[in-house]
Amino acid sequence: MGKLDGRVVIVTGAARGQGEQEARLFVAEGARVLLGDVLDGQGEALAAELGEDVARYVHLDVTREDDWEAAAVAAKDAFGKIDGLVNNAGILRFNELVSTPLAEFQQVVQVNQVGCFLGIRTVAPEIEAAGGGTIVNTASYTALTGMAFVGAYAATKHAVLGLTRVAAVELAARKIRVNAVCPGAVDTPMTNPAALDPAADPAESKRAVDELYRKVVPLGRIGQPAEVARLALFLSCEDSSYITGQPFVVDGGWLAGVSVI
Ligand SMILES: NC(=O)c1ccc[n+]([C@@H]2O[C@H](COP(=O)([O-])OP(=O)(O)OC[C@H]3O[C@@H](n4cnc5c(N)ncnc54)[C@H](O)[C@@H]3O)[C@@H](O)[C@H]2O)c1
């Protein structure tokens, strides 16, 4: 028996990285999943691999209200209802605050913060209509502390925690639990864009990543996207039945303090 048997979950940013692992794990645990992303080729291929009976892909730019409406219709057409949402799509831009162009700041807000708001606003009524369920928002280590050169990103991830808490309070009576995952450094194209660069040496970029996180993370390594997916599963299933409105850190101990060895 799977932990998500009978459930229907929308996962955004599901074409790669953490969203891909969440989609894979949720299907393995019995859910049917609507994958949304703007990387259509990768998203379509993943849905096809998982199987049409349990996974469908739609183009879902989380900043667009019409895409959200279409995704909700697609999920109901394919699977009959929606009772779960993982707001996972996100972007990261590195810049010093005093050098950040307004357009760049606003782009990060649109995807990470407005995208999460639109997801909750569109899907919560569907989850209520299905009799209740769960929403998992993807915040970050930087939702709980500062970090140089990620001002726009950290601001949006702090905002995601605010949205999570308000949504949890407002939606509890509708039988919807809302929580947030706060990953530290996770091995995806977001943290290691060199891995996508055909000109880069993959062994060298892996060595640099390993060396950095060996020093700064108490558990001595970068996290794997499947480790975040397991937390999203916990927050999406009955194992977390008395938990709502909370941030959950999955960071190898990074936030706990500075390692001196
Ligand atoms: N990787 C990390 O270290 C880390 C740490 C903390 C939080 N996070 C968060 O985890 C989430 C997943 O990131 P990841 O690490 O898997 O990175 P990733 O870049 O591999 O995946 C992000 C996905 O979001 C999609 N996306 C981007 N803009 C979109 C839009 N407008 N509409 C729909 N989809 C869009 C991308 O196409 C991609 O598939 C993000 O919210 C990110 O901020 C990541």
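Evaluate the following for Thr164: is it more than 12 Å from the ligand (Cβ to nearest atom) and of a type in the set (S, T, N, Q)?
Yes: the conditions hold for Thr164.
The conditions are (1) touching a residue at least 40 places away in the same chain (Cβ under 8 Å); (2) within 13 Å of the ligand (Cβ to nearest atom); (3) crowded, with 17+ Cβ neighbours inside 10 Å, and Phe94 fails exactly one of them. Which is it?
(3)
Pull up the range 174-206, narrow it to residues that are at pLDDT below 90 and among the charged types (D, E, K, R), then point me to the one that is surrounded by the most Cβ atoms within 10 Å (Cβ to Cβ).
Top of the filtered list is Lys206.
Restrict the check to the range 11-26 and report whether at least one residue is at positive phi, among the small types (Gly, Ala, Ser), modelled with pLDDT of 95 or more and near the ligand (Cβ under 10 Å from one of its atoms).
Yes, because at least one residue in the range 11-26 is at positive phi, among the small types (Gly, Ala, Ser), modelled with pLDDT of 95 or more and near the ligand (Cβ under 10 Å from one of its atoms).
Please verify whether Ala173 is over 17 Å from Ile243 (Cβ atoms) and without any contact (Cβ under 8 Å) to a residue 40 or more places away in the chain, treating the condition exactly as stated.
No.
Spot the failing condition for Ala152; the list is (1) surrounded by 18 or more Cβ atoms within 10 Å (Cβ to Cβ); (2) under 14 Å from the mean Cα position of the chain (by Cα), and only one is missed.
(2)
Which one of these does Val123 not meet: (1) β-branched (Val, Ile, Thr); (2) surrounded by fewer than 20 Cβ atoms within 10 Å (Cβ to Cβ); (3) away from the ligand (no atom under 12 Å from the Cβ); (4) within 22 Å of His158 (Cα to Cα)?
Single failed check for Val123: (2).
Evaluate the following for Ser241: is it over 19 Å from Gly90 (Cα atoms), modelled with pLDDT of 95 or more, hydroxyl-bearing (Ser, Thr, Tyr) and within 13 Å of the chain's Cα centre (by Cα)?
no
Which residue, of Leu219, Leu235, Leu171, is surrounded by 21 or more Cβ atoms within 10 Å (Cβ to Cβ), among the hydrophobic types (A, V, I, L, M, F, W, C), more than 17 Å from Thr138 (Cβ to Cβ) and more than 12 Å from the ligand (Cβ to nearest atom)?
Leu171
Of all residues in the range 27-69, how many are closer than 21 Å to Asp187 by Cβ, in contact (Cβ under 8 Å) with a residue 24 or more places away in the chain and either of a type in the set (A, V, I, L, M) or away from the ligand (no atom under 15 Å from the Cβ) (or both)?
Result for the range 27-69: 4.
With the structure loaded, tell me whether Arg221 is part of a helix (DSSP H, G or I) and farther than 23 Å from Ala124 by Cβ or whether it fails that test.
Taking the combined requirement at face value, the residue does not satisfy it.
Using the structure shown, decide if Ala168 is in contact (Cβ under 8 Å) with a residue 60 or more places away in the chain and either of a type in the set (A, V, I, L, M) or more than 17 Å from Asn87 (Cα to Cα) (or both).
In short, yes.
Could you pull out every one of the helices (runs of 4 or more DSSP H) wholly within the range 1-85 that has 3 or more residues that are surrounded by 24 or more Cβ atoms within 10 Å (Cβ to Cβ)?
The qualifying helices (runs of 4 or more DSSP H) are 17-28.
The values are calculated or read from the model by the stated rules, or taken from the named source; none is laboratory data. Only a predicted model underlies this, so the values are computations on that prediction, with no experimental measurement involved. Note that each Cβ is placed from the backbone with ideal geometry, even for glycine, and that neighbours are counted across all protein chains shown.
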